[in-house]
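Some notes on the structure that comes next.
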């Protein structure tokens, strides 16, 4: 499956329906690359004409701003805005809630105004419009514990789309005690993914995994590549990586349909 850049579309005098913002994790982290592949597969199966920026995509600047380097954030953001302006980008989908929040809520102040959707919102739309269907029964009756990521949930109020997608799998969805508006961080937000906890503090991802495991799930589902990384580390800390699988919602769709 070939993925085309905005430059490819421009050379063919075509315009894509949507730009897929891959993000740093989805581009470079081996685990997150699987999420990227899953979303590309879904977009392809739905017949959506999409493009990526390829080498022209820089970091959104989110980690720099959270870590306090406002100058670096603005430098990255303005560079990305200029590139997207050249290609008349209007609509963006991303699998990363950090990129989603930055592009949607913070770029407009710098002149970058886009219709930004998270991949779970787009997948929900595609299911509702019957552009994709869930045909397999791989998760029928399976217990799936769902983790609300901070940047999609508490910061942007997106709670229903991921749950509606999960419900389409005919699985047994388990809510953890801290969910929705009261959700608990995986430990990666605010650039914390790049540093260790303070001495003596319990690892946040281990505390979150303890909560997710209380429902005795077969699968833990999340919607953020950084959450996936942190939860993977947490489940390994418990020695349960062979018993409980951790997947992004897009990966569950791929498995359910055996794509």
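The values are calculated or read from the model by the stated rules, or taken from the named source; none is laboratory data. The model shown is predicted, which means the values in this text are computed figures rather than measured ones. No Cβ is skipped: glycine too gets one built from the backbone with ideal geometry, and neighbour counts run over all protein chains shown.
Structure values in brief
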read-out: Subset of segment 84-102 [loosely packed, with under 15 Cβ neighbours inside 10 Å and out of contact with any strand residue (DSSP E or B) (no Cβ under 9 Å at 6 or more places or on another chain)]; value: 85, 86, 88
read-out: Matching option when the condition is assigned to a helix (DSSP H, G or I), touching a residue at least 12 places away in the same chain (Cβ under 8 Å) and not assigned by TED's automatic domain parsing to the domain that holds residue 175, among 40, 93; value: 40
read-out: Criterion: more than 18 Å from residue 18 (Cβ to Cβ), out of contact with any strand residue (DSSP E or B) (no Cβ under 9 Å at 6 or more places or on another chain) and either surrounded by 20 or more Cβ atoms within 10 Å (Cβ to Cβ) or in contact (Cβ under 8 Å) with a residue 24 or more places away in the chain (or both) - qualifying residue of 63, 108; value: 63
read-out: Selection from segment 44-55 of residues that are touching a helix residue (DSSP H, G or I) at 6+ places or on another chain (Cβ under 9 Å) and either part of a loop (DSSP other than H, G, I, E, B) or more than 18 Å from residue 25 (Cβ to Cβ) (or both); value: 45, 46, 48, 49, 50, 51, 53
read-out: Criterion violated by residue 73 - all others in (1) at pLDDT 95 or above; (2) buried (at least 20 other Cβ atoms within 10 Å of the Cβ); (3) not assigned by TED's automatic domain parsing to the domain that holds residue 44; (4) not in a strand (DSSP E or B) satisfied; value: (3)
read-out: Every residue from segment 110-165 that is assigned by TED's automatic domain parsing to the domain that holds residue 93 and part of a strand (DSSP E or B); value: 115, 116, 117, 118
read-out: Single unsatisfied condition, residue 188 versus (1) buried (at least 17 other Cβ atoms within 10 Å of the Cβ); (2) in contact with a strand residue (DSSP E or B) (Cβ under 9 Å, 6 or more places away or on another chain); value: (2)
read-out: Any helices (runs of 4 or more DSSP H) falling wholly within segment 166-259 and containing at least 2 residues that are over 20 Å from the mean Cα position of the chain (by Cα) and under 28 Å from residue 63 (Cβ atoms); value: 204-213, 225-237
